[in-house]
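The values are calculated or read from the model by the stated rules, or taken from the named source; none is laboratory data. Please read all numbers here as calculations on a predicted model, not as lab measurements. Cβ coordinates were reconstructed from backbone atoms using ideal geometry, including for glycine residues, and neighbour counts include every protein chain displayed. Remember, those area values only see protein heavy atoms, side chains included, never the ligands or the DNA or RNA. Shrake-Rupley method; radii C 1.70, N 1.55, O 1.52, S 1.80 Å.
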Amino acid sequence: VELSCDMIDAEKLKHLIISAMKQTPGLQGIFLPNEYVTTAYLTALHDGLLPAKPLFAVGYDHTPMVEQAIRDGELAGAIFQQAESIGAQAFRQLHALMTQQIRLDEQEERTIYFPTALVTKENLDAVLQQQREQVS
């Protein structure tokens, strides 16, 4: 089931998730592809609006709510981005463009891949510790 909606409207997103889950009775798992969808799913879960049948749910991105949901078993896990690495790379690219006075429309488009971390209840504390060490 793929959902398309305005990510800014959290209530609409929550209701789309609820509707999609009710319309898919054989659903066993769900991937929540970004912070907004993950938050909407968890809010609906906490509000008691989701079907009682437990799902294998995997979220995306690291927020305090996602971290707690993993600890509580509400999410089987989540994919965490490395925000510091993404920010550092973006700054390096922007700095290079500015110091070399390269116009954006002259820059060749390219994809830069960053590693992510699959986080579960079993490795959550180790991943968080590793992230803290990378920041300091």
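Hand me the trypsin sites (Lys or Arg not before Pro) from region 37-119 located in a DSSP loop with no more than 15 other Cβ atoms within 10 Å, in residue order please.
Details: sites: R71, R92, R103, R110; in loops: R103, R110.
Sparse-neighbourhood loop trypsin sites (Lys or Arg not before Pro): R103, R110.
Short version: ³J(HN,Hα) in whole Hz for each residue of region 66-71, in order, from phi by Karplus 6.51 cos²θ - 1.76 cosθ + 1.60 (θ = phi - 60°), x for Gly and Pro, what are they?
5, 4, 5, 5, 5, 4
Return the FRET efficiency for the residue pair H46, A126: r is the Cβ-Cβ distance, R0 is 30 Å, and the value is rounded to the nearest 0.05. Intermediate values should be presented prior to the final figure.
On the way: r = 27 Å, r/R0 = 0.89.
The calculated FRET efficiency here is 0.65.
Answer with a single label: of [x] 50, 45, 21; [y] 45, 33, 27; [z] 57, 35, 22, which was calculated as Cα extents along the principal axes in Å from the structure in view?
[z]
From the phi angles alone, apply the Karplus equation (6.51, -1.76, 1.60; θ = phi - 60°) to region 88-102 and give each ³J(HN,Hα) in whole Hz, x where the residue is Gly or Pro.
3J(HN,Hα) across region 88-102, in whole Hz: 5, 5, 4, 5, 4, 5, 5, 4, 4, 5, 6, 6, 8, 6, 9.
Count the DSSP beta bridges whose two residues both fall in the chain, then state the antiparallel fraction as a percent rounded to the nearest 5.
On the way: 4 of 10 bridges.
Expressed as a percentage, antiparallel bridges in the chain total about 40.
Mind checking the per residue accessible area of the chain for me, 1.4 Å probe, whole number of Å²? Don't jump to the answer; show the numbers that get you there.
Values: 9160 Å² over 136 residues.
Normalised by residue count, the accessible surface of the chain is 67 Å².
Going toward the positive end of the dipole of the chain, with +1 on Lys and Arg Cβ and -1 on Asp and Glu Cβ, which of I86, T116, M21 do you reach last?
Most positive-ward Cα: M21.
Full extension from Q134 to Y113: what is 0.36 nm times the residue separation minus their Cα-Cα distance, to one decimal in nm?
Numbers: separation 21, 0.36 × 21 = 7.56 nm, distance 1.81 nm.
This chain segment gains 5.7 nm when fully extended.
³J(HN,Hα) across region 116-133 via Karplus (A = 6.51, B = -1.76, C = 1.60, θ = phi - 60°), whole Hz, x for Gly/Pro?
Working through the residues one at a time gives 10, 10, 7, 10, 10, 4, 6, 10, 3, 5, 5, 5, 4, 4, 4, 5, 4, 5 Hz.
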